[in-house]
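The structure appears below as structure tokens.
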Amino acid sequence: MIKGPLMLNLITKTVDGSGGGLLSNAIGYIVDGRPSSRPMANHEEERRKAITSALRSGTRIICWDNVTGDLSSAALASVTTEPIWNDRILGRSSESSIPVTSSFVIVGNRPLLSDELRRRASLIAMKPKTANPEERSGFRHASLMGYVKRHRGDFVWAALVLALNWIQKGCPEPKHAPIIGSYEAYRYVIGGIIEVAS
């Protein structure tokens, strides 16, 4: 539905064990039927190759977990704003052009994104009110992933209902969503769905 680039989702945590990886895996399972977390390569050339491989595989969500420190990446900045990803095919002198239809997620303890990545990121901040969040108990669902796996169809149905509600109301443009350069279509669709559902 979004005819344009998707914003990078940054799940940032204040401390280890907050559940950022669990959240990204749950979303990945709902969207793709499987989690898609992977480590972030330290070198830009390896990041570029990893992006190409992931896009060629057709995965819908590409997630890098346990990202720490400073992060600057021309490849990641490009793939989150360009509709087509161009890269050389490994072992050949020819180039591959792949439509970018995936969503991108970074999970980490307060990673410091470069200016070019920060403006492309939608922030999801996890702030547990304890120094040892891995020791928490009393959750509504003892196993979040087990619950997600059992109810994946319900989650997909709920998302489709929200989207259909916006479509049936004529796809109105959002009135309160901030304007973000390069992400006009993203703002229009996601902002519209959320505002109509509110």
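The values are calculated or read from the model by the stated rules, or taken from the named source; none is laboratory data. Bear in mind that the values here come from a model prediction, so they are computed numbers and not experimental data. Methodologically, a virtual Cβ is constructed for each residue, glycine included, from the backbone with ideal geometry; neighbour enumeration extends over all protein chains shown. Ligands, DNA and RNA are excluded from the accessible area calculation, which covers all protein heavy atoms including side chains. Shrake-Rupley method; radii C 1.70, N 1.55, O 1.52, S 1.80 Å.
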Taking the stated definitions as given, is ALA50 of a type in the set (Gly, Ala, Ser) and without any contact (Cβ under 8 Å) to a residue 60 or more places away in the chain? yes
Tally time: how many residues in the stretch 14-39 are open to solvent by less than 60 Å² (accessible area, probe 1.4 Å) and among the basic types (Lys, Arg)? 0
For ARG110, are the conditions met, namely being without any contact (Cβ under 8 Å) to a residue 12 or more places away in the chain, touching a Ser or Thr at 6+ places or on another chain (Cβ under 9 Å) and over 23 Å from GLY4 (Cβ atoms)? no
Would you check which residues across the stretch 40-89 are exposed (fewer than 13 other Cβ atoms within 10 Å of the Cβ) and of a type in the set (A, V, I, L, M) and list them? ILE84, ILE89
Any residue that is touching a residue at least 12 places away in the same chain (Cβ under 8 Å) and farther than 25 Å from TYR29 by Cα - is there at least one of those in the stretch 145-165? no
Selection within the stretch 111-151 - surrounded by 14 or more Cβ atoms within 10 Å (Cβ to Cβ) and in a loop (DSSP other than H, G, I, E, B): PRO111, SER114, ARG119, ARG120, PRO128, HIS151
Out of curiosity, is THR59 assigned to a loop (DSSP other than H, G, I, E, B) and among the polar types (S, T, N, Q)? yes
Filter result (open to solvent by less than 50 Å² (accessible area, probe 1.4 Å), more than 21 Å from THR101 (Cα to Cα) and part of a helix (DSSP H, G or I)) within the stretch 167-198: VAL196
Taking SER18 as meeting all but one of (1) of a type in the set (S, T, N, Q); (2) touching a residue at least 60 places away in the same chain (Cβ under 8 Å); (3) assigned to a loop (DSSP other than H, G, I, E, B); (4) within 26 Å of SER78 (Cβ to Cβ), write down the number of the exception. (4)
